[in-house]
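In what follows, a structure is listed as structure tokens, so that the remarks can point back to it.
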Amino acid sequence: MVDRNGKNGILLEITDETYRRIIDTQTLFLVVMEEGMVALVVGIVFVAFAVYSVLPFSWALNWWQPVLEFLKGGIPIIALLVGVIAVFIGIADMKDRMEAKKEEAEEAAQAEKKE
């Protein structure tokens, strides 16, 4: 290619619309990065608080025993929820398999009719 000065090169024409798209993309990237940074900082703060709250030192909250009691009490509830979800997933899977078999049978019947 030949540029405006007659030299070999690539001619890039940036229109106003292209420039607006570039600026919008950069702005979107900066907004996402800012939100990502906020989420990262909040995550670090929560992890630090969790560690601080269970440390067995006099300057820490020393909540290890209450945390263990909470977890012990929550295990049956969590097991119940996981079990119910697993049953629902199993039922949905069985329905999908039956539906797929019906569709395969219908397709085979239609293929036989065409022949």
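Throughout, read-outs are computed from the coordinates displayed, never taken from laboratory work. Quantities reported herein were computed from a predicted structural model and do not represent experimental measurements. Positions of Cβ are generated from backbone atoms using ideal geometry, with glycine treated the same way; all protein chains shown enter the neighbour counts.
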Could you check the spin-label model distance between Phe70 and Ala108? Points 7 Å from the Cα along Cα→Cβ, value in nm.
5.6
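Rounded to the nearest angstrom and ordered from largest down, what semi-axes does the equivalent ellipsoid of the stretch 64-115 get from its C-alpha gyration tensor (root of 5λ)?
Details: eigenvalues 491, 9, 3 Å².
That gives 50, 7, 4 Å for the three semi-axes.
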When only C-alpha pairs under 8 Å and at least 6 residues apart count, what is the relative contact order of the stretch 37-77, in percent?
21
With each pseudo-label sitting 7 Å past Cα toward Cβ, what's the Ala39-Ala86 distance in nm, one decimal?
3.0
